[in-house]
Each structure stands twice: as structure tokens, then as C-alpha cells.
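Encoded as C-alpha cells, the structure appears first; notes follow it.
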Amino acid sequence: MRNILVSGGCGFIGSHLVDRLLGRSDIDRLVVVDNLWTGLRENISHIADPRLTLEVGDVEAFRSPLQFDEILHLASPASPSWYMREPVRVIKANVAGALNLLTLLKPGGRFCFTSTSEVYGDPSVNPQPESYRGSVDCTGPRSSYDESKRCTEALLFEAQRTSGIDVRVVRLFNVYGPRTRVDDGRAVSNFISQALTTGVLTVYGDGAQSRSWGYVDDIVDGLERFFWRDVISHRGPLNIGNDREISVLQVARYIAGLVPGSSIQHHPAMPQDPTNRRPDLTLARRILPGWEAGIPYEEGILRTLAWFREKLDGPKACAEDAVS
Ligand code: UDP
């Protein structure tokens, strides 16, 4: 029986992974380490499984008498508006977090890490294969996130090379879906919560910049297969995402069209906002045969909108019930 640790397990993607992990029968204990900075306790509050424990605290300071067979390191904000606010804390969570967690890995254990398409910076090749080394400004406004993900990749692949540690590293491309924070600030979640509240969707710059938006269920399908389900010798880095590239303005228009009365307002461009981003999925298709991020953004956004509507209306509806 196995002990598993998920850092950032109360977060958006982490909590979906926790749900999947608890479907396994070979797990004895699943420990979630989360300081609830961007993660939310409610993301795992539906789980009654006695194998699950939540340790609230910083991943870089986490201590445990246990050693773990598998460690999944997801603790880090991923939204620019959050990581730019506290860059030192972001670097600590990623790099110091990984260094600390490595000390808790059983000999022969596996260390999984969610890196990011941000390692490609503002790319000069499109789509981006894993071999593309990126165009990142190590002193720029996005550096705390980009460089700490890059440094953690370096740490893990060097640990693999020098100590034989079994590592799995994925690079995720703009994941969205249910359990994103309402105040997360990234494009899809921001546009949806703005459409449902103020009615004004804030597009930064002209909106011609593009991303490849991956619906969370598709992405977690890929993670599940790569991190534990399939027998795969490749350790990564592995691009995981949806390779349909869509401009920010198109996404904003689509969401505005779904919520009557909402409109689009242009704001100054974000500093060093990447102009494009699209995964080259050749490797993913080879090592995860049959896997595809198949949910089109139109459908994924409808599902996310429904979830946000419930989330935003829930407390109000309850309060109204209480009054009547
Ligand atoms: N964006 C926007 N309005 C928002 C939030 C984001 O126009 O309210 C833009 C942002 O400038 C970027 C794209 O949407 O070009 C994706 O931003 P996000 O923060 O979702 O992810 P990232 O920049 O890390 O890819």
C-alpha cells in the first residue's frame, strides 16, 4: 500500500487530481499539503475518504514522519495577477517546495511536477515542442513564475541524472474549468465572473494575443495517465494541453455573447504578455496513445459558466431563501 503526497491539493488542478487519486485502491494514505493561499478548503470538502488528510501550511516548511511513494508537486499560484503580487513566495513554493519534498520521497519513489507553458516565454516558434528552449526574461514581471518553474525542472532532471530519481514533468497550457477561484484573474475565469457580475469583460490590449485553452477534465485525464496509470519510460517534459489556438478577444466575445447585457472593455496590455502559445502535442500523442484534449472551448466554457453561475448565485439564493 502506498503513501501519496499532493502539494497544492486544495487548488484548482490539484483538487481534481486528488479526486482521481482516491479512485485508486492501492493507496493507504493521501496527504494534501496546502497553505490555502490560492487553494480553497472547499475544493476537497466533498471528500469523506478516511485515507485523505489535509496539512495546512507552506510546502517548503512541511515536515512529516512519513516517507512517500509518490509526490505530486502542484503548490504555486498560476495566475499572473496572483503570482506578480508575491513573487518571492512563488519562488519559495516552487523551488524550495520541491527541494523540501525531495527529502520526503521514499527510495525508488516517483516525483511528479506540473510545470508550465510559461517556460517558453514569448515564443518565437509556434507551436512549441518540448525541445524549444523558450524566450524568457529572467528579470521581467513574469519571472518569479516562469523561472521558478524552469529552475524546478532543472532541479528534478538533475536529481534524476545524478541520483536516479524517477521524475515526471508536464508543461500545462492555460487550463480552465470548475474550481478556478472566482477572483483568480485569468482570462476565462475573469471573463465569466465579470459577465455574471459587473457585465464588463476586461480585455488587456487589443485581444489579438492567443492561447490554447485546455478544459480541466481533459488535462487531468492526461496527468492521470502520465503520472501513474500508464507504464511509460519517458519522464518528460511533456506538453499537455489543447492545441486549438484562439485569441483572447474571441474568447471574450464568445462569453459576452452567452450572458445578455455584458460588454467588452479594452484595458492597457499586460507587461510582456506573450503574443501566442500553442502546444506541439506530437510527443503526448505518441506516449499517451488515444489521449486528446477533446472538449472544444465552446463546450468547456459552457460547463465552466454553469459552475460559476451556481457558485455566484448559491449564497445569494440561500440568503433569499432565508429571508422569505
Ligand atoms: N487577459 C485579458 N483579460 C483578463 C485576463 C487575462 O485580456 O481579464 C489576457 C492576458 O493579458 C493574456 C491572456 O488573456 O493575454 C491569458 O491570460 P491568463 O492570465 O489567463 O494566462 P497567461 O497570461 O498566464 O497565459
Within the stretch 74-99, can you find the residues that are crowded, with 24+ Cβ neighbours inside 10 Å and of a type outside the set (A, V, I, L, M)?
Ser76, Pro77, Tyr83, Asn94, Gly97
In the stretch 236-250, is there at least one residue being out of contact with any Asp or Glu (no Cβ under 6 Å at 6 or more places or on another chain), more than 30 Å from Val6 (Cβ to Cβ), β-branched (Val, Ile, Thr) and touching a residue at least 40 places away in the same chain (Cβ under 8 Å)?
yes
Selected residue (criterion: modelled with the lowest pLDDT) from residues of the stretch 294-317 that are crowded, with 18+ Cβ neighbours inside 10 Å and within 18 Å of Ser247 (Cα to Cα):
Tyr297
Would you confirm whether or not the stretch 213-224 contains a residue that is part of a loop (DSSP other than H, G, I, E, B), buried (at least 17 other Cβ atoms within 10 Å of the Cβ) and within 14 Å of the ligand (Cβ to nearest atom)?
yes
Specify the residue that is surrounded by the fewest Cβ atoms within 10 Å (Cβ to Cβ); the eligible residues are those in the stretch 1-15 that are of a type in the set (Gly, Ala, Ser) and outside any strand (DSSP E or B).
Gly14
Listed residues Val203, Val251; which is in contact with a strand residue (DSSP E or B) (Cβ under 7 Å, 6 or more places away or on another chain), at pLDDT 95 or above and buried (at least 20 other Cβ atoms within 10 Å of the Cβ)?
Val203
Within the stretch 75-85, is there a residue that is within 14 Å of the ligand (Cβ to nearest atom), closer than 19 Å to Val31 by Cβ and within 15 Å of the chain's Cα centre (by Cα)?
yes
Quick one: in the stretch 156-188, which of the residues that are within 8 Å of the ligand (Cβ to nearest atom) and assigned to a helix (DSSP H, G or I) is farthest from Asn43 (Cα to Cα)?
Ala187
Being charged (D, E, K, R) and under 18 Å from Ile240 (Cα atoms) is the filter; apply it to the stretch 123-152 and report the residue that is nearest to the ligand (Cβ to nearest atom).
Asp146
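The values are calculated or read from the model by the stated rules, or taken from the named source; none is laboratory data. None of the values given here were measured: they were computed from a predicted structure. Note that we place each Cβ from the backbone using ideal geometry, even for glycine, and neighbour counts take in every protein chain shown.
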